[in-house]
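A quick write-up on the structure given underneath.
Here, each number is a calculation from the coordinates, and none is a lab measurement. Computed from a predicted model, the values in this text were never measured in an experiment. Virtual Cβ from ideal backbone geometry, glycine too; neighbours counted across all protein chains shown.
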């Protein structure tokens with residue numbers, strides 16, 4: 001029996017996604033766990049795989065379509081099976097509603113302010129009025145609509161009736177076949193989709209069609225009598241260039257939503273320390289030298305990967321969290337959860353924004369193992385190949401911008417975690433040792449704390465442990 005395939009939840013925070021490419025076409029046989037499509041979610045490009053076997057009878061969305069969680073995307077069944085009933089069911093559900101919503105103006109106009117009764121009667125008798133702009137309505141009382149009398153059979157009356165007739169005919173014959181995502185992207189790029197024939201099923205306009213249509217000018221708005229209205233162009237300043245319009249990706253939408261919620265709902269406070277890391281840098285160089293010597297001894301052609309300061313920080317934070325577990329916690333409305341596992345989320349910059357792959361049980365791993373895992377996770381993050389479970393359920397985060405030359409900064413907490421450590425670059429500057437000013441290396445770090453979970457004294461205790469570990473780096477590996 002044929003069944004409808006809905007868009008599954010491919011990441012823990014997914015609410016919608018862009019179906020970037022189908023890997024099966026109509027009429028193809030499908031087995032369990034076959035790759036059906038790739039979907040760009042808020043985290044990465046995920047694989048949409050089959051849970052059943054059969055024949056792919058109908059694709060309900062095209063490549064490049066924006067799809068809501070649970071929205072029907074395809075019909076799977078037996079070859080030659082009648083799916084007309086399912087198509088009717090799909091046509092009367094969410095996709096149709098989404099298309100209708102997309103066809104409405106971006107900002108719905110509120111009802112006009114009530115006009116005096118006399119003006120209402122005059123407008124009704126005349127059969128037309130001038131609509132009050134939305135901005136004017138929002139600013140306060142407005143004058144009654146201005147009526148324009150039209151004598152029956154007059155040229156003005158004939159022009160209006162003919163224009164209205166053309167508008168109705170155009171509305172019935174000029175439906176645009178495109179997903180809400182494509183419609184919005186077209187509006188943002190100034191592309192008129194009216195009458196467009198796309199490369200998708202049934203002439204549907206898909207995302208890749210917008211590139212070939214980008215040079216087509218948008219239609220001019222029509223006046224009440226059906227004629228196009230061309231507003232005079234505002235004089236451009238010398239050297240002015242139109243901005244590049246970049247539609248929001250799923251990842252950027254989620255970053256905007258989650259971090260806004262974090263700053264709005266999580267009471268942040270910040271603790272900053274400046275650590276002497278001269279011994280830490282020397283310790284890192286020692287580890288890398290030993291790795292290189294071991295590789296030469298084993299006569300391996302491939303050069304060993306080098307341990308970074310950030311790898312040592314991940315291990316040091318894991319050890320410090322084991323000693324101050326109150327920082328390895330999260331807030332819930334019923335209780336504070338103090339985690340026994342230490343899973344460090346490491347912020348990784350990707351072209352679309354930021355992802356946070358998680359190093360599981362970081363306290364139980366060596367610095368070299370952490371270095372290898374972070375490098376592998378970061379590589380797959382940039383290729384958008386991370387799995388959903390690799391980006392969720394961290395207990396503490398580290399965000400390092402030192403490689404970009406940043407001295408110090410404050411990071412936004414990644415809910416539901418209770419804290420995040422922002423790390424700057426290793427700075428060479430004078431320090432005082434034994435009463436003498438000598439060259440030194442310093443590293444600024446700021447701990448952002450959720451005050452519902454971490455109090456100032458707790459955050460300070462964690463940073464004191466972290467400072468002790470970094471200034472005596474052998475303790476990082478010996479505990």
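Estimated at 0.36 nm per residue, the fully extended path between residue 350 and residue 387 surpasses their Cα-Cα distance by 11.8 nm. Computed from label points 7 Å out along Cα-Cβ, the spacing between residue 208 and residue 265 is 3.9 nm. Here the peptides 420-430, 21-31 are ranked by packing, the mean other Cβ count within 10 Å, and the order with the highest first is 420-430, 21-31. Here segment 235-311 and segment 441-479 have alpha carbon centers that stand 19 Å from each other. Highest mean packing comes first when the peptides 298-308, 59-69, 32-42 are listed by Cβ atoms within 10 Å, giving 59-69, 32-42, 298-308.
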